[in-house]
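Readers should treat all values here as calculations from the given coordinates under stated rules, not as data from a laboratory. Not measured: the values here are computed from a predicted model. All Cβ positions, glycine included, derive from the backbone under ideal geometry; neighbour counts span all protein chains shown.
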Amino acid sequence: MRQLCKGNVAVVKGAILAGCRAYYGYPITPASEIAESAALYIPQVGGTFLQAESEVAAINMVYGAAAAGVRVMTASSGPGLSLMQEGMSYLAGAELPCVVVDVVRGGPGLGNIAPEQSDYFAMVKGGGHGNYRNIVLAPASVQEMADLTVLAFELADKYRNPAVVLADGFTGQMMEPLDLEYREIVAPEKLWAVKGTPETRANLISSIYLEPDQLEEHQRRLEAKYIRAHVEARHEVYQTEDAEILLVGYGIVSRVLRSTVEVARKQGLKAGLLRPITLWPFPTEALVEAASRVQKILVVELSNGQMVEDVRLAVNGKVPVEFYGRVGGNVPSVEELHAQVLERAAALV
Amino acid sequence: MADESKVGLKELEVSNNGFEVIHTKSDLFYDLYERKSELQHQTHYCPGCGHGVAHKLIAEALQELGLQDKTVFVSPVGCSVFAYYYFDVGNVQVAHGRAPASATAIKRACPDKIVISYQGDGDLAAIGTAEIVHAANRGEKISVFFVNNGIYGMTGGQMAPTTLVGEKSTTSPWGRRPANEGFPLHMSELLATLEAPVYIERVALSDNKNIMKARRAIKKALEIQRDGAGFTFVEILSPCPTIWGKDPVEARRWVLDRMVPVFPLNVFRDRKPEMPVNNAPPQRPVPDVLEITPKEGGYEGGVASHAHRFKNFTIKVAGFGGQGVLLLGQLLTEMGMREGLEVSWLPSYGPEMRSGSAHCHVCLSKNRIGSPLISHPNVLVAMNEISLRKFASQVGPGGLILYNRDALPADFEAPPKVRVICIPASEMADKLGSTKTTNIVLMGALLEETECLSPGTAMGVIEDKVKKVELLETNRKALAAGRHFIDEHAHLEALSQPDGYAE
Ligand SMILES: Cc1ncc(C[n+]2csc(CCOP(=O)(O)OP(=O)(O)O)c2C)c(N)n1
Ligand code: SF4
């Protein structure tokens, strides 16, 4: 049944559908409803909710639960994610699957609680120490807050790696219709987990490899895994077939861009939209393909320009890539973006 | 410790005072330490290191209690980071100081297993102070073995939170000065101020008698955990001959002579836990909890029919927190959904709410909704004067302002081509018996004036949200009153707008 649901609540509903039965977290605006609804729902389906003493503790609790083979998650926003970075590096190093949700707010420092997309570098490039990757998914609607959380659990288990749902203040706070379908989840068997049983007695969860050769081998294995994960790249395109200018944006921005494409087309300007759904792996191939037919790319973010670097890497100079960003919690309107598109398109002819 | 690690051997040793001592290796240790890259028959600990003795005592206790197959051992960061080389149990190595947090979650995932958090003094009493205090305070049913050697061993001899006053270390080269570095932290005493812990004891690996006491304490902690009683903590004063620059025998004596006076050996807590019984929440099927299945007697899905004479319709509701601003927006959004529209609701959130004002944006559309943030709403429902002044200029030409007052402020000028309907909704709601229904009066007016959504759908939604019969009746009256007001007054007024503008 279609229900009206808040993005943050949808995350937890998706998580429960995905078989998540453990949540460890610490409150922060604009992510707190995730902890609140986890506290309300997860114990009713036989799971564990615990409010940790800090995000540092929370992510290390996630580490413990993941080590014990449980589908586990946490959620926070900017400052909390900063505190979790060490733990995320350990999780990636020890190859522990988990889901971490970042409902991004304005930064740096305490910033504000309005939406930004300024944690792209921290999440996509790996904000912790060492060579590692997070799988990163970028929802643009309440429905996707649930659906991509489910996918995040699946990918996390498939690759034994942390998966991040990178949302923003608006997507977390807004309400939209949510359609959920219940299906029995058969949780994958985790033969590597440590559960205090005779079968798992020989297992070890660790990220320490003292010998350089051992650590190099470990990292090569991680790298190979990351390369394999490239097949998971996902994106959505809108009106790109005949587009002359390609707009690229993810999450909440992609929605405004979609409306912008419609407005631009009504006025005869052939604009199209590519929205990355996975930020890592980045939909490089799709972007290259779309770029081959356009004269210009305009990347729009709620940041000073973070994802735009990956777009530039992908198209590798074949078309000009321009950038427009708003920060501080300002979300551009359709009119504002349309003006940007007009201005940049004018320069084409 | 080299002398205890000749694996697979029973080794005879003649101790100082002439007794023969037989060393045996617990079966709980691996026969060969294959996770080590070399010297797989001995540990990596220095000769005379307390970690080796502590390991042996823990291994023997686990073995005696028959817990090998049930145990998860959490190794810290410190010299004992490689505890998993030795203990033939499930092993999890964790970040510096965070063992109690990880152990918490492991125990909660495996409540009938034995979870051990083994930590040094830097790990537990410095970087991990918060984690140990909170795990203890929650009464996690784990056993923490805290090896206090007054120094950072692994990183080569920096000051620990437990370093004695006056002791030199590489980071307290003139000796620990309380005026600069504070006093040694007494973790057992500190944790003993908490309600939840069941057992806290400090022991010392200083001499045979104290080692026997340590053995009993460790075993007792594990028994308490096995019986599910609660949080157990054994602080083990332990020699670090290497960093202390002493031979193993001197180092043990130093534990007794210098550490014990500062860290007295004691049982700080030994009692049955007095935990109030937890009322576990009722268990419900997932589809019910997630509201996938309709609530009994509630909305069952399906589309309520209504002729929507718009492609997109946007509403901004604004007022004081507590006036039902956000709720009105949610109700309208829910109605839109039930009438088969694409809908979104976006609230103001956070500190702004605390200052007392709130607003939200409602989009109703026949197409996929772009931004949920509305720059130019079709309708502004201004529930107070501040909101009227703040947001009126956003309303575009042809738009409507519903103002919760019987007249506009004298100095207020409505934006061009925007109609304003003043409706004393709060007073009307008051007369109906509940000011709380002000938002519903306004909803009635909004629906009657714009016909954007159907009043029938409104009642369906309200019936699902309002459970009390009397309150439901008041809401019904409020909705009707709002609609009636428009029929009686507003159309006439609207037609007599100075520029004659009316839809
Ligand atoms: C976040 C972080 N900071 C610093 C370190 C470096 N480090 C490793 S072990 C250690 C101190 C260990 O001392 P203690 O806990 O007393 O154990 P011991 O080696 O004495 O047994 C430090 C500071 C680290 N690994 N991680
Ligand atoms: S440095 Fe100290 S604590 Fe570390 S192994 Fe050597 S004696 Fe033990």
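Which residues among the range A:312-326 fall inside the zone where the amide N is under 20 Å from a point 7 Å beyond the Cα of A:Gln267, along Cα→Cβ? So the set is A:322-326. Per residue, the convex hull spanned by the Cα atoms of the protein assembly as shown amounts to 191 cubic angstrom. Can you give the translational diffusion coefficient of the range B:286-495 in µm²/s, computed by Stokes-Einstein from the Kirkwood radius over Cα pairs at 37 °C and 0.692 mPa s? Diffusion coefficient, whole number: 189 µm²/s. Here the mean projected area of the convex hull built on the C-alpha positions of chain B is 34.4 nm². Across A:Arg21, A:Arg228, A:Arg312, mean-square fluctuation computed from a Gaussian network of chain A (C-alpha pairs under 10 Å connected) peaks at A:Arg228.
Full extension of the segment from B:Asp406 to B:Asp288, taken as 0.36 nm per residue of separation minus the current Cα-Cα distance, would add 38.0 nm. Computed from backbone phi with θ = phi - 60° and the Karplus coefficients 6.51, -1.76 and 1.60, the 3J(HN,Hα) list for the range B:311-318 is 8, 10, 9, 10, 10, 10, 10, 9 Hz; x is used for glycine and proline.
Shape of the range B:184-252 from the C-alpha gyration tensor: oblate (a/c of 1.5 or more and a/b not above b/c, with a ≥ b ≥ c the square roots of its eigenvalues). With the charge dipole of chain A set up from +1 on Lys and Arg Cβ and -1 on Asp and Glu Cβ about the Cα centre, the Cα lying farthest toward the positive end among the listed residues A:Ala243, A:Ala167, A:Leu302 is that of A:Ala243. As a length-normalised measure over Cα pairs under 8 Å and 6 or more apart, the relative contact order of the range A:156-218 settles at 15 percent. Between B:Ile386 and B:Lys311, full extension at 0.36 nm per residue minus the direct alpha carbon distance yields a gain of 24.0 nm.
For the range A:264-320, the Cα gyration tensor yields ellipsoid semi-axes of 19, 14, 11 Å (square root of five times each eigenvalue, largest first, whole Å).
Considering only beta bridges that DSSP places wholly inside the protein assembly as shown, some 35 percent are antiparallel. Here the range A:236-346 was treated as a single set of alpha-carbon atoms; its pair distances binned every 5 Å from 0 give 2, 13, 27, 27, 20, 8, 1 percent. Relative to the longest principal axis of the Cα atoms of chain B, helix B:455-465 runs at roughly 30 degrees. When both the range B:296-324 and the range A:288-349 are represented by their alpha-carbon centers, they are found 35 Å apart. The C-alpha radius of gyration of the range A:2-231, expressed as a fraction of 2.2 N^0.38 Å, stands at 0.97. Pair-distance distribution P(r) for the range B:4-270, from all Cα-Cα distances in 5 Å bins starting at 0: 1, 6, 13, 18, 21, 18, 12, 7, 3, 1, 0 percent.
Here the calculated FRET efficiency for B:Glu470 and A:Leu110, from their Cβ-Cβ distance with R0 = 51 Å, stands at 0.65, rounded to the nearest 0.05. Amide H contacts of A:Ile113 (H built 1.01 Å from N, in plane; Pro and chain starts excluded): A:Gly106 sit under 5 Å, all sequence-distant by 5 or more or on other chains. Take every DSSP beta bridge whose two residues both sit in the range B:4-270; close to 30 percent of them are antiparallel. Given springs between every Cα pair under 10 Å in a Gaussian network model of chain A, which of A:Glu53, A:Glu241, A:Glu189 has the largest fluctuation? So, out of A:Glu53, A:Glu241, A:Glu189, the one fluctuating most is A:Glu189. Angle of helix B:99-109 to the longest C-alpha principal axis of chain B, folded into 0 to 90 degrees and rounded to 10: 70°. Label point of A:Asn316 set 7 angstrom out along Cα-Cβ; within the range A:223-254, no amide nitrogen lies under 13 Å from it. Here the spin labels are modelled as points 7 Å beyond Cα on the Cα-Cβ line, and at B:Asp257 and A:Glu223 they lie 5.5 nm apart.
Of interest is the spacing of the C-alpha centroids, which for the range B:43-117 and the range A:45-81 amounts to 21 Å.
Considering only A:Thr278, A:Thr200, A:Thr48, the mean-square fluctuation computed in a Gaussian network model of chain A, springs between alpha carbons under 10 angstrom, is largest for A:Thr200. Over the range B:266-380, the alpha carbon radius of gyration divided by the compact-protein estimate 2.2 N^0.38 Å works out to 1.65. Taking a ≥ b ≥ c as the square roots of the eigenvalues of the alpha carbon gyration tensor, the range A:59-161 is oblate, as a/c is not under 1.5 and a/b does not beat b/c. Partners of A:Lys190 within straight-line reach, counting lysines whose Cα lies under 20 Å from its Cα and excluding those fewer than 8 residues away in the same chain: A:Lys158, A:Lys225, B:Lys70, B:Lys107, B:Lys113. Averaging the sequence gap over all C-alpha pairs within less than 8 Å and six or more residues apart, then dividing by the number of residues, gives the range B:4-270 a relative contact order of 17 percent. In this calculation the C-beta distance from B:Met459 to A:Lys125 is compared with R0 = 41 Å, giving a FRET efficiency of 0.20.
Note on B:Arg216 and A:Ile185: with the Förster distance fixed at 41 Å, the Cβ-Cβ geometry gives a FRET efficiency of about 0.35. Once C-alpha pairs closer than 8 Å and six or more residues apart are averaged by separation and normalised to the residue number of the range B:101-184, the relative contact order reads 23 percent.
Using a cut-off of under 16 Å, list every residue of the range A:227-256 whose amide N is near the label point 7 Å from the Cα of B:Ser375 along the Cα-to-beta-carbon line. A:253-256, by backbone N distance to the label point.
Of all DSSP-defined beta bridges confined to the range A:2-231, some 25% are antiparallel rather than parallel. Between the helical axis of A:55-67 and the dominant principal axis of chain A, each derived from Cα atoms, what acute angle in degrees is found, rounded to the nearest 10? So the inclination is approximately 60 degrees.
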